[in-house]
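> Have a look at this one.
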């Protein structure tokens, strides 16, 4: 199985964010897990999808994970 990676620019484009936003997220420890290799940042596709899954909401007051845990 091939591991797919996105660079910062690709992820920023995917999420319609600025690259500076992703840089800020990394500095404060939020967002998906990332790799830093030889000064370059890369995000594994699987980590991006896991982060997106963790952000799913069913209403403004309840997340999907809270709903699954309660059900």
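> Based on the mean of other beta carbon atoms within 10 Å per residue, what is the order of 18-30, 40-52, 2-14, most packed first? Let's see the in-between values first.
Numbers: 18-30: 11.8, 40-52: 15.3, 2-14: 13.7.
Most protected by this proxy first, the peptides run 40-52, 2-14, 18-30.
> Further question: Using helices alone, what [θ] at 222 nm do you get for the chain, with -39,500 (n - 2.57) per DSSP H run of 4 or more residues, divided over all residues and rounded to the nearest 500?
Values: 4 runs with 35 residues, N = 71.
Result for the chain: -14000 deg cm²/dmol, rounded to the nearest 500.
> Related question: Over segment 5-70, what lengths in whole Å, largest first, do the semi-axes of the equivalent ellipsoid take, defined as the square roots of 5 times the eigenvalues of the alpha-carbon gyration tensor?
Over the Cα atoms of segment 5-70, the ellipsoid semi-axes are 25, 12, 11 Å.
Any read-out appearing in this document is the output of simple, stated calculations on the displayed coordinates, not a laboratory observation. Just so we're clear, the structure is a prediction, and the values are computed from it rather than from any experiment. Reconstructed Cβ throughout: ideal geometry from the backbone, glycine too, with neighbour counts over all protein chains shown.
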